[in-house]
Amino acid sequence: MQGKIVKGIAGFYYVHVVESGVYECKAKGTFRKDKIKPLVGDNVEIEVLDESEKTGNIIAILPRMNELIRPAVANIDQALVVFAITKPNPHFNLLDRFLVMMESKEIPVVLCFNKEDIAEDPQVKELKQIYARCGYPLIFTSALKEKNIDSVRKVLKGKTTAIAGPSGVGKSSIINILQPEANMETGTISNKIERGRHTTRHSELFPIDENSYIMDTPGFSSLYVNDFEKEELKYYFPEFAKYEGMCRFHGCDHVHEPGCAVKEAVDAGKIHRIRYQNYIEMYEELKSKRRY
């Protein structure tokens, strides 16, 4: 029998099987031996131990399309990254780290900026200036007024979406608005799991309809970008791409080199300085990381 892991907690994995419900499963010991950890979002094969109690064992993890370490999830089609426009103001460095992480995994991102109802126009304008030119789709929402939630629903349709963002930005409020649309299985999942329904300490997957899932992930307050080399970082800033090959030096890293087209674009206001500064910070971090 095949299903999808919708939650993992204390060594138990809750596997959603279409038309059968949710099974509480343990992972076979061989996974531990092979150092494979089942992740929320994994498509798995299970053996049913007790149909009436809905218990089973995970006997195989099907090949993953992708996987993330933080949040620890697999097989996502896209990420919806939620930050507030104000209260709290966006932490640009944290946001850019998340975007770099997604770019490195080739996972498309939609940026959702919440609390538009209490934001000033210049704040909205600044966010558009920084991120629209990078090519990321932007949605400005107000969970409180339910503004533009339909636009969010539209981008979730037919996809498995990880919803991520720091605490206090209204991520849970947006999910709570989206969830009443979920099919009846969502209720059974929540009843079976019971714990931690509101404050997210674990990644959790909710079916919205037959082929749309949202994955609520724990709020993050810091991210280290260090699972690739400093020379790769420039490829994860999409707005740099059009200047590739235009620098004086072949293989320019856009840091100290003279005749750099990217630095010229920053000075000309074509690439936002905030993005470039965050690039430099991450580059220096990767440069100084210890070689093992």
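Of the residues in segment 209-253, how many are in a loop (DSSP other than H, G, I, E, B), free of Cβ contacts under 8 Å to residues at least 60 places away in the same chain and touching a Leu at 6+ places or on another chain (Cβ under 9 Å)?
Qualifying residue count, segment 209-253: 2.
On the given criteria, is Asp50 modelled with pLDDT of 95 or more, exposed (fewer than 14 other Cβ atoms within 10 Å of the Cβ) and acidic (Asp, Glu)?
Taking the combined requirement at face value, the residue satisfies it.
List every residue pair whose Cβ atoms sit under 6 Å apart, with the two residues 6 or more apart in sequence or on different chains, where the first one lies in segment 254-283 and is free of Cβ contacts under 8 Å to residues at least 60 places away in the same chain and the second, anywhere, is assigned to a loop (DSSP other than H, G, I, E, B) and of a type outside the set (A, V, I, L, M, F, W, C).
Gly259/Arg248; Cys260/His254; Val262/His254
Can you tell me which residue within segment 246-292, out of those that are among the basic types (Lys, Arg) and within 19 Å of Met101 (Cβ to Cβ), is surrounded by the most Cβ atoms within 10 Å (Cβ to Cβ)?
Once the filter is applied, the top-ranked residue is Arg275.
Given (1) in contact with a Gly (Cβ under 6 Å, 6 or more places away or on another chain); (2) closer than 25 Å to Glu239 by Cβ, where does Ala143 come up short, assuming only one miss?
(2)
The values are calculated or read from the model by the stated rules, or taken from the named source; none is laboratory data. This structure is a prediction, so every number in the text was calculated from the model and none was measured. Every residue, glycine among them, receives a Cβ derived from its backbone with ideal geometry; neighbour counts consider all protein chains shown.
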